[in-house]
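Enquirer: Here it is, the structure, as structure tokens.
The values are calculated or read from the model by the stated rules, or taken from the named source; none is laboratory data. Bear in mind that the values here come from a model prediction, so they are computed numbers and not experimental data. Neighbour counts are summed over all protein chains in view; Cβ atoms, including those assigned to glycine, are modelled from backbone coordinates with ideal geometry. Remember, those area values only see protein heavy atoms, side chains included, never the ligands or the DNA or RNA. Shrake-Rupley method; radii C 1.70, N 1.55, O 1.52, S 1.80 Å.
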Amino acid sequence: MKFKLEYIWLDGYEPVPNLRSKTKLVDFDTEPTLEQLPLWNFDGSSTRQADGSSSDCFLQPVSLFPDPARNRAYLVMCEVLLPDGTPHPSNSRAAIPEDADAWFGFEQEYFLYKNGSPLGFPKEGFPSPQGEYYTGVGFKNVGDVARLIVDEHIDLCIGAGIAIEGVNAEVAKGQWEFQIFGKGAKRAADELWIARYLMLRLCERYGVDVNFHPKPLGVEVDWNGSGLHTNFSTKHMREIGGEEYFTALMSAFSEARAEHIACYGPENDLRLTGLHETAAIDEFTYGIADRGASVRIPHSFVNSGHRGYLEDRRPNSMADPYRITGRILQTIESVTAQALIEDAFAA
């Protein structure tokens, strides 16, 4: 029986990789498993991942999802390998310090664009100022086709087995958000990339583009940008935590501010201005329920004895979730390791 396998990977464009995909038709007696999927090659010279004189790169399947839009089909998230089997320099997934007990929740904001402008914008100028668009209802707030796209995207994600948690219209006209939750840094990031892929592929049918730029309307006008707020939690944070550990964690995040910003998406200086519910890019702040802070602390976190999850509000909408999760885990692990050492000596 023929199955359609959509091999999906990240190309070598900088500073933001593009999603690429191609379909492989393979015979299987039953529904295929990840372990059964073959390695496949592609022309890396066409994706900025190889020279034309030695252009072969290889796709290693790493996650498998049902493709709800096609019959007998699967979505195959892949890592890019060099011919010798080692990770390609563009392969950001391979560098993640995996932690199966790390939980991540991504809040993916984006704009839907038609003919070079956000959906609902007039041909000249701007629509009414921000105010009623956030979680808005009615044609004047969300138009017509956007709701169709968003609702269909929900069904596609559910059909693919992606843990989509919710959607809503956002603060600016034509701006939307969906939320993805995953356990394990690599799996969570895989699901976000596949959710992005499904949105992009879906919008092809509507003649609509998805704009992930963090400030597509520019800084000169009073319109919100787009973020990828990242909620994170480890087993230590959920089960042990404590105010002393939390203080040490925030100190580590502050000291690694520049390293985090480097992983949180390009052109973030246009978005992290201290306005429009953002912190300034050159500062690190945190606060309870503070949407203008670098890290927002939920009330539930404090009420539970400084245990639970935190929200890093600095990543922007076109950032690579592999790099985000990797950097957050790197900072957390430095603090957790020290805490475990201190606990051992105290015992």
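Enquirer: Run the count for the stretch 145-252, please: Lys pairs, Cα-Cα under 29 angstrom, 8 or more apart or on different chains.
Expert: 4
Enquirer: If you look for lysine pairs in the stretch 1-144 that are eight or more places apart or on different chains, how many of them have Cα atoms under 15 Å apart?
Expert: 4
Enquirer: Still on this structure, I have one more. Kindly rank 14-26, 194-206 from highest to lowest mean number of other beta carbons found within 10 Å of each residue.
Expert: The packing order, highest mean first, is 194-206, 14-26.
Enquirer: I've got another one for you. What are the ³J(HN,Hα) couplings of the stretch 101-115, residue after residue, when phi is run through the Karplus curve with 6.51, -1.76, 1.60 and θ = phi - 60°? Round to Hz, x for glycine and proline.
Expert: Result, ordered by residue: 8, 7, 10, 10, x, 9, 10, 8, 8, 6, 10, 9, 10, 9, 6 Hz.
Enquirer: So how far, in whole Å, is the C-alpha centre of the stretch 195-249 from the one of the stretch 1-80?
Expert: Centre-to-centre (Cα) distance: 25 Å.
Enquirer: I've got another one for you. Carbon and sulfur atoms: what percent of the 1.4 Å accessible area of the chain do they account for?
Expert: 50
Enquirer: A further question on this structure: Highest mean first, what order results for 137-144, 252-259 on Cβ atoms within 10 Å?
Expert: Going from most to least packed, we get 252-259, 137-144.
Enquirer: Continuing with this model, one more query. Return, for the Cα atoms of the chain, the radius of gyration and Dmax in Å, separated by a comma.
Expert: Computed over the Cα atoms of the chain, radius of gyration and Dmax are 21.0, 69 Å.
Enquirer: How big is D, in µm² s⁻¹, for the stretch 145-248 by Stokes-Einstein at 4 °C and 1.567 mPa s if Rh is the Kirkwood radius over C-alpha pairs?
Expert: Reported coefficient: 82 µm²/s.
Enquirer: Hey, could you get me the Stokes-Einstein D for the stretch 1-128, Kirkwood radius over alpha-carbon pairs, 25 °C and 0.890 mPa s, rounded to whole µm² s⁻¹?
Expert: 142
Enquirer: Which value, in Å to one decimal place, does the Kirkwood hydrodynamic radius take for the stretch 262-303 when every pair of different Cα atoms is included?
Expert: The answer is 10.9 Å.
Enquirer: Then there is this: Could you run the Karplus curve 6.51 cos²θ - 1.76 cosθ + 1.60 with θ = phi - 60° over the stretch 121-135 and give me ³J(HN,Hα) per residue in whole Hz, x for Gly and Pro?
Expert: 6, x, 4, 10, x, 10, x, 4, x, 4, x, 9, 6, 4, 6
Enquirer: Still on this model: Report the equivalent ellipsoid semi-axes for the stretch 196-347 in whole Å, largest first, defined as the square roots of five times the eigenvalues of the gyration tensor built from alpha carbon atoms.
Expert: 32, 17, 14
Enquirer: Can you give me the orientation-averaged projected area of the convex hull built on the Cα atoms of the stretch 79-207, in nm²?
Expert: The directionally averaged projection comes out at 10.1 nm².
Enquirer: With an 8 Å Cα cut-off and a minimum separation of 6 or more residues, compute the relative contact order for the chain in percent.
Expert: Dividing the mean separation by the residue count of the chain yields 16 percent.
Enquirer: Please give, to one decimal in nm, the separation of the simple spin-label points placed at VAL16 and ASP56, each 7 Å out from Cα toward the Cβ.
Expert: 3.4
Enquirer: Return the sequence-ordered ³J(HN,Hα) values of the stretch 30-47 in whole Hz as given by the Karplus equation 6.51 cos²θ - 1.76 cosθ + 1.60 applied to θ = phi - 60°, using x for Gly and Pro.
Expert: So the Karplus estimates, Gly and Pro as x, are 9, 4, x, 10, 4, 5, 7, 6, x, 5, 9, 10, 8, 7, x, 5, 8, 10 Hz.
Enquirer: Subtract the Cα-Cα distance of GLU239 and THR273 from 0.36 nm times their separation in residues, and report this length gain in nm to one decimal.
Expert: Taking GLU239 through THR273 to full extension adds about 8.7 nm, to one decimal.
Enquirer: Can you give the accessible area per residue of the stretch 66-138, in Å², using a 1.4 Å probe?
Expert: 51
Enquirer: Assuming 0.890 mPa s and 25 °C, estimate D for the stretch 59-112 with Stokes-Einstein, Rh taken as the Kirkwood radius over Cα pairs, in µm²/s.
Expert: Result for D is 174 µm²/s.
Enquirer: Sticking with this one: To the nearest 20 debye, what charge dipole does the chain have about its Cα centre, counting +1 at the Cβ of each Lys and Arg and -1 at the Cβ of each Asp and Glu?
Expert: 820
Enquirer: Dipole of the stretch 16-115 (Lys/Arg Cβ +1, Asp/Glu Cβ -1, origin at the Cα centre): which of VAL76, GLY44, PHE28 lies farthest to the positive side?
Expert: Looking along the dipole axis, the top candidate is GLY44.
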